[in-house]
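Novice: If you scroll down you'll find the structure; I have some questions about it.
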Amino acid sequence: MKRVLFSVLLLVVPALQHAFSQPPLAIKVKADKSIAAIPSTMWGIFFEDINFAADGGLYAELVKNRSFEFDAPLMGWKELNSNKYTLNTTSGSALVINRGEQSSSNPRFARITVIGNSGYGLSNEGFRGMGIKEGMTYHFTMLASPHKESAVKIRIELTDANGKIMGKASLSPQGEDWKKYSADIKASHSDPKAKLNIWFEGKGVVDVDMISLFPAATWKNRPNGMRADLVQWLADLKPGFIRFPGGCIVEGRELATRYQWKKTVGDVDKRELIVNRWNTEFAHRPAPDYYQSFGLGFFEYFQLAEDLGAAPLPILSCGMACQFNSAEVTPMEELDPYIQDALDLIDFANGDGTTAWSKLRHDMGHAAPFNLTMIGVGNEQWGPQYLERYLAFTKAIKAKYPKIKIVASNGPFPEGELFDYADKEFRALDTDIIDEHYYNKPEWFLKNATRYDNYDRNGPKVFAGEYAAQSVNTVSPLNQNNWETALAEAAFMTGLERNAAVVNLCSYAPLFAHVDAWQWTPDLIWFDNLQSYGTPNYYVQKLFSNNKGSDVLAVLSGNAPLTGQQGIYASAVRDKNSSEVILKIINTGTTLQQANVTIDGIKKSSSMARVTLLKGATKEAVNSIENPFTILPSEKEIKVSNNTVSLTMEPLSFYVVRVKAL
Ligand code: AHR
């Protein structure tokens, strides 16, 4: 017995000695003084169509290349029962016809000739397959125009990866005009890699276009809608704003492929498709089948912002293509159309319906304005050529819409010559908001938790517009959304929160990635065709944004702000609505840490505090499609004595502590 006890002691004593390698930390939250009001826009989201985030992702369309407009018109399609290398096919054939100028935004369609009763078909592979769920209904539509005296019937079937039929429907197009035909298909079973087969049977010729398949259950059950599970992740963040449509996608690799919002609104079949700039950007992650159909366009972005209760923040091309790519610029004397796009966008979003652009918003079903208050001029631009263009935009926008806040870019890097130049110029101009981006190693984020402590309180506001800790290096395909990166972001975000007087908007980037079709990692939310999961970084964002509060409070260790002493980072807010003090506190160390947190300046606190813990067992821990819940927040209550919470912080942990101030 003695021997057993001794062995146990041998094991336990060293463990106890190492459990707390630092003395307890006495922390004070000064709850009687608001340092700054937290803006409603504080924590937001950044959306860019990268990693198949729009087509193949948020946009719920399941058919890839539905209108045959990809450079290779039958990309994504396979002919079934075809014998195209003969003049006398016994089944049928497809001829891609280009109407050119006659239908410049959607020039191509397919002319299907059916010869005999064996039938001819087209099969669509979807976006790395189609996600089909058992029991769900799918809405098939197509534009068709049968030729005179044709008797062509259309049989539609969904098949799983093994070729087994999952559901079917049929159509009989009549009359020679282009008409929209539709059919519903109920799925018998699930498969993330399903296909859509369209069989043409009978005899004759039929022209087809805009072949589309959507789940009936989209977000808010809207036609042409979004994947409900993916929007739910965004709604759960309760974002203060949504930045769209990017990112570099705004700029294009060259000016011709820049994002032009006017081509993304109105009838879906008239929105002009273009290549996605991330298509072949990275040789190590080519995606030659990545295009932008713009089925998810600016109207839908505004509507999404409204659904989420988020302020819309569109970023527009300023006449400069991506400076990492072609760096093409529009000459100053030809900048007017670009500026006009910005003015017209404000009208589209906010106008009263009597102007052409606001009437279009009305006609699309949204009479009420979208309440646009901010607009970004350019994405990651730099140099005097940007300043010149930014000034021209600002002059025109402020002259017509003086209340609109303008976001200026501070380029791609958070420090260095380009940053310093832009920062100096934009501060001298008293710019409304400056957009800073930082993709860096976790250590950079820890070191920069105090980045904004000395920023001018009376100068421009900062938009932390794109940030993410990189486990390896920026653009490395080996980057992981691991716990180390999430924890470093949490520590850094305490610095953003503490400086809400200056930093008014923050968004992690990029937002979404398809597990089979991504170009850029890390990303906040990953998905396949049926499932999705939040990364540890997502839960960090959620904990900040769901605990936003209304006023910043000081958090002190001794007399100094707590910004990394003993590896601990913290920030605190008061929530006027719930009368709570909310502390976010992070232990970046690998040992237990005792933190005794006193809420100073209140009469009395609640007797219990609600504590949320987010932690990974190791720095390398990740969530995944197979194991989506490895790192998840958990909640418990702990006692508060004498307005003090005694928190034994686990290694590598992030806590949110809510205490009522009575
Ligand atoms: O978020 C991915 C890319 O990173 C964005 O498109 C760009 O703005 C930044 O360089």
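The values are calculated or read from the model by the stated rules, or taken from the named source; none is laboratory data. Keep in mind that what you see is a predicted model, and the values were worked out from it rather than measured. Cβ: placed from backbone, ideal geometry, glycine included. Neighbour counts: every protein chain shown. Note: accessible area is taken over every heavy atom of the protein model, side chains too, but ligands, DNA and RNA are not part of it. Shrake-Rupley method; radii C 1.70, N 1.55, O 1.52, S 1.80 Å.
Novice: How large is ³J(HN,Hα), in whole Hz, for each residue of the range 282-295 in order, when computed from phi with the Karplus curve 6.51 cos²θ - 1.76 cosθ + 1.60 and θ = phi - 60°, using x for Gly and Pro?
Specialist: With the stated coefficients, the range 282-295 comes to 10, 4, 7, 9, x, 9, x, 9, 9, 10, 10, 7, 6, x Hz.
Novice: Something else about it: Full-extension gain between E635 and F20, please, as 0.36 nm times their residue separation minus the C-alpha to C-alpha distance.
Specialist: That pair, E635 and F20, stretches by 219.1 nm at full extension.
Novice: Exceeding 30 Å between C-alpha atoms, which entries from my cross-link table qualify? They are K238/K461; K64/K403; K30/K636.
Specialist: K64/K403, as the Cα separations exceed 30 Å there.
Novice: Also: Take every Cα pair under 8 Å in the chain that's 6+ residues apart, average their separations, divide by the length, and report that relative contact order as a whole percent.
Specialist: Result for the chain is 16 percent.
Novice: Rounded to a whole number, what % of the accessible area of the chain do carbon and sulfur atoms account for, probe 1.4 Å? Intermediate values should be presented prior to the final figure.
Specialist: Values: 14090 of 26480 Å².
Ligands and nucleic acids excluded, carbon and sulfur give 53 percent.
Novice: Still on this model: For the residue pair S190 and Q174, what label-to-label distance in nm results when each label sits 7 Å from Cα along the Cα-to-beta-carbon direction?
Specialist: 4.0
Novice: Report the FRET efficiency, 1/(1 + (r/R0)^6), for Q340 and T591, where r is their Cβ-Cβ distance and R0 is 56 Å, rounded to 0.05.
Specialist: Efficiency, from the Cβ-Cβ distance: 0.40.
Novice: Given a 1.4 Å probe, how much area per residue of the chain is accessible, in Å²?
Specialist: Heavy-atom accessible area per residue stands at 40 Å².
Novice: Another question, then. Please compute the length gained on full extension between N458 and A37, using 0.36 nm multiplied by the number of residues separating them and subtracting their Cα-Cα distance. Write down the numbers at each step before the final one.
Specialist: Details: separation 421, 0.36 × 421 = 151.56 nm, distance 1.43 nm.
Additional length available on full extension: 150.1 nm.
Novice: If I model a spin label at A428 and E388 as a point 7 Å from the Cα along the Cα→Cβ vector, what separation in nanometres do I get?
Specialist: 1.6
Novice: Shifting gears a bit: Let me check against my output: what whole-number percent is the relative contact order of the range 571-662, with C-alpha pairs under 8 Å and at least 6 apart?
Specialist: So the answer I get is 47 percent.
Novice: Label R222 and N83 with points 7 Å out from Cα along Cα→Cβ: what is the distance between them in nm?
Specialist: If labels sit at R222 and N83, their model points lie 4.8 nm apart.
Novice: Ok, one more. Restrict the search to the range 53-89; then list the chymotrypsin sites (Phe, Trp or Tyr not before Pro) that DSSP places in a loop and that have at most 12 other Cβ atoms within 10 Å of their Cβ.
Specialist: Listed in order of number, the matching sites are Y85.
Novice: Tell me which lysines have Cα within less than 21 Å of K359's Cα, excluding those fewer than 8 residues away on the same chain?
Specialist: The qualifying lysines are K262, K263, K270, K400.
Novice: Can you give me the pair-distance distribution of the range 77-215, C-alpha pairs, 10 Å bins, whole percents?
Specialist: Per 10 Å bin, starting at zero, the Cα-Cα P(r) for the range 77-215 comes out as 13, 41, 34, 12, 0 percent.
Novice: What's the center-to-center distance, using Cα atoms, between the range 268-313 and the range 366-397 in Å?
Specialist: First find each Cα centre; the distance between them is then 20 Å.
Novice: Could I ask something else about it? Can you give me the three principal axis dimensions of the range 133-291 from its C-alpha atoms, in Å, biggest first?
Specialist: 52, 36, 33
Novice: Cα extents of the chain along the three principal axes, largest first, in whole Å?
Specialist: So the extents along the principal axes, rounded to whole Å, are 91, 77, 44.
Novice: While we're looking at this one, here's another question. Enumerate by residue number the trypsin sites (Lys or Arg not before Pro) in the range 405-490 meeting two conditions: DSSP loop (anything except H, G, I, E, B), and at most 11 other Cβ atoms within 10 Å of the site's Cβ.
Specialist: Hits after loop and neighbour filter: R457.
Novice: Can you list which of the trypsin sites (Lys or Arg not before Pro) found in the range 485-593 are DSSP loop residues with at most 16 other C-beta atoms within 10 Å?
Specialist: Passing both the DSSP loop test and the Cβ count: K576.
Novice: Could you work out [θ]222 nm for the chain from helices alone, using -39500 (n - 2.57) per DSSP H run of at least four and dividing by all its residues? Round to the nearest 500 deg cm²/dmol.
Specialist: Taking each H run of at least 4 residues, the total per residue is -6000 deg cm²/dmol.
Novice: For K270 and V472 in one chain, what is 0.36 nm times their gap in residues minus the Cα-Cα distance, to one decimal in nm?
Specialist: Details: separation 202, 0.36 × 202 = 72.72 nm, distance 4.25 nm.
Computed gain between K270 and V472 is 68.5 nm.
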